[in-house]
1. Given the structure, is B:ALA270 in contact (Cβ under 8 Å) with a residue 40 or more places away in the chain, more than 13 Å from every other protein chain (Cβ to nearest Cβ) and farther than 30 Å from B:LEU209 by Cβ?
2. Among the listed residues A:SER87, A:SER108, identify the single one that is in contact with a strand residue (DSSP E or B) (Cβ under 9 Å, 6 or more places away or on another chain), of a type in the set (Gly, Ala, Ser) and in a helix (DSSP H, G or I).
3. Return the only residue of B:ALA314, B:ALA340 being part of a helix (DSSP H, G or I), surrounded by 21 or more Cβ atoms within 10 Å (Cβ to Cβ), on the phi < 0 side of the Ramachandran plot and more than 9 Å from every other protein chain (Cβ to nearest Cβ).
4. So which of A:THR160, A:THR137 ends up being part of a helix (DSSP H, G or I), among the β-branched types (Val, Ile, Thr) and within 14 Å of another protein chain (Cβ to nearest Cβ)?
5. Answer yes if at least one residue in the stretch A:150-157 is away from chain B (no Cβ under 14 Å), touching a Gly at 6+ places or on another chain (Cβ under 9 Å) and either at pLDDT below 90 or within 30 Å of B:LEU343 (Cα to Cα) (or both), and no otherwise.
6. Out of the residues in the stretch A:44-97 that are surrounded by 24 or more Cβ atoms within 10 Å (Cβ to Cβ) and of a type in the set (S, T, N, Q), which is nearest to the chain's Cα centre (by Cα)?
7. Taking the stated definitions as given, is A:SER278 more than 9 Å from chain B (Cβ to nearest Cβ), surrounded by 21 or more Cβ atoms within 10 Å (Cβ to Cβ) and over 21 Å from B:ILE137 (Cα atoms)?
Amino acid sequence: MTAVAEAKIRKRVLPTPVTGQEIVLVGVLVVLWAALAVSTPAFLTAGSIQPLLVATAPIALVGVAMTIVIITGGIDVSVGGAIMVCSVLTAKALVGSEVSLGVAVLLSVAAGGLLGLVNGVLIAYGRVHAIIITFGTANLFMFLGLQIFGSGTVNGIPGTLAFFGRGPDGRTLGVPHAFLITLLITAAAWWYLRHTAGGRHFFAIGGDPQAARLAGVRVQRRVLLAYVLTGLLVGMASCFVIAQGTSTLDQSVGAGKELAVIAAVVIGGTSIMGGRGSVLGTLLGALLVQSVASGVTQLGWRSQLSDLFVGIFIIVAVGADLLRARARRNR
Amino acid sequence: MTAATVKAPAENPAAKILRVLLTQRIALLAVLIVIVVATFFINDAGGYLTAPYDFDYMSASLINAIPLAMLGLAELLVILSGRGGIDLSVGAIVSLAGMVFGFAYGEWGWPLWLAILATAGFGALLGAVNGFLVSYIGFPALIATLATFYAYKSLAIVINNQQPISTEPIQDLFSLSKSVELPLFGQYVPDVPLGIFTFLLPTAVAVWLLLARTSYGRRLYAIGTNDVAARWSGLPVRDTRFKAYVYAGLISGLVAVVTVGQFASARPDAGVSGNGMALPAITIAVLGGVAITGGIGRVSGVVLATLLIVWLNAGILLAFVGNEGSQYQLLALGAVLVFAALLNGLTNRKYGGSQ
């Protein structure tokens, strides 16, 4: 084998830094934003873009972890319930004990990590399909959340978490902190998944868990880590959720978020079968979904209509991916 | 096979009972139902419940079993078809088909039979979209039905400007969900909700006939177990899988009619409010012994699992005051599902699978 051919093969070991899906998504986003800017002049103003970024943050952040879980061939449909537990726990702590910003974040992240640990242990060591276990724990988490809620809502939440919120306290140089943190974590995850052995192990597990095990990957530990990571980021995202709301938290918090997160991941080009995916795509997917929601409202259409577009985007995004895969096979 | 026949004589009775309970899901569910019902009867006798838990109450609570069992059967069909088969959109189909039924029967004044037929047909059409995406284009089922879940849910809300339809004919439909006395020996047993006979039993029998007595059923099990082998044996894999989603949509359409009757109103969020109807339906299917990997599952398992959950929920509702009960129902559902899943894992390792 010649040196050139060897160099070529070595180059191909890593996927391209940016996938085709991501380039397409950037294109779609540009077109969408341009169209919205033309039809509603108010769209491309700071007053409209900043809330859009703030609203994207929790979905994208949980999406980063969900991407890793899905890369391993799993899925976590309990994140909605987990968001409920973390946010009500933190909100109660804020109201009852008036904890500081740092303590609130730590509490929320720790609680999330614990919930993730439950999922991870059951899935990695119980050897049961992830979707079934997380359907089960979703119910358990919701029970837990509602129990902490007691009766009704949590009222009078102080503005401690305004650092992550929509207001002027929530941004530096016009960039919302929540989005900035999401961006940093996404970048870190991108580097981790692409350039470390540990990150590549997730792809190996998703590709073929048996082969990964024989190649020396500690499959169970890696899988456990993926779900714990999800829990930790759910904890962080819950702080964003509290900060975005008013001073009241009601029992619908987190409901349906698991599907929104999975939608963002899937639109971002991550294969639900495992072994292939990217966190950048997930961030773009979340941004696209939120842009559509924001655009639909600003155009004065029914807000529920945005769900129709989410459905269509999923079909188009995954359909394009399927067609590309078919073209690759036939070449 | 040989291992089992060799081992059998040496087995002591306790080990045999354990093996039967673990490998025969029907036996396990039957035992669990007896335990649940006995527990609540004892609690009732001790006066710990807020209202009597008796046969009348158990019979009346069967009204909740109708949509649950029917959607569980719908999930049975799609999960059986294999390749990660699952349908997240059944709740959204219930919402959207329910609105169509509301228009047809409540607004346009179609005769009832025609409206029901149209609704079931519309549900089948929505299911056909799922089936086409999954079977012919090759979408993973989770993704295709997630997408259609969003789309149908959105359409159901937008179609009538978020408003429910509850005109006079729709309100009169509430009579569909009343309890009736059975003929002949009716005075000796509790009254049973009418929907059991008009919707649930026909559906369950039809699905059972389809799976156990037609060549389509054999094909479905075959493609769910190993679709590559099925293709090489010359089975129409795509067509078979496609139809599983169509049937699931059809059943969801019928559930839409039941739901409209129960609420006496066609609500745009009927099947998706709260946790929606899809998650409980999948839970029921899994609890009933349907393997998420496809090819394994029976109607009787789904029906027994429904009875277990419905009677468990009914009892929990009486054991707690206020909305605590509905919260503990979540706990029970989650715990039962995790328990069943872990049990499946254990059974697979110890006995090489359940039936």
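The values are calculated or read from the model by the stated rules, or taken from the named source; none is laboratory data. Just so it is clear, the model here is predicted, and its values are computed rather than measured. In this analysis, Cβ positions are derived from the backbone assuming ideal geometry, glycine residues included, and neighbour counts consider all displayed protein chains.
1. Taking the combined requirement at face value, the residue does not satisfy it.
2. A:SER87
3. Result: B:ALA314 is the single residue among B:ALA314, B:ALA340 that is part of a helix (DSSP H, G or I), surrounded by 21 or more Cβ atoms within 10 Å (Cβ to Cβ), on the phi < 0 side of the Ramachandran plot and more than 9 Å from every other protein chain (Cβ to nearest Cβ).
4. The match here is A:THR137.
5. Among the residues of the stretch A:150-157, at least one is away from chain B (no Cβ under 14 Å), touching a Gly at 6+ places or on another chain (Cβ under 9 Å) and either at pLDDT below 90 or within 30 Å of B:LEU343 (Cα to Cα) (or both), which makes the answer yes.
6. The qualifying residue nearest to the chain's Cα centre (by Cα) is A:THR67.
7. yes
Listed here are the residues, each with its yes/no results for (1) assigned to a loop (DSSP other than H, G, I, E, B); (2) hydrophobic (A, V, I, L, M, F, W, C).
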| residue | (1), (2) |
| --- | --- |
| A:PHE179 | no, yes |
| A:ALA187 | no, yes |
| A:GLY206 | no, no |
| A:ALA211 | no, yes |
| A:VAL217 | yes, yes |
| A:THR230 | no, no |
| A:VAL241 | no, yes |
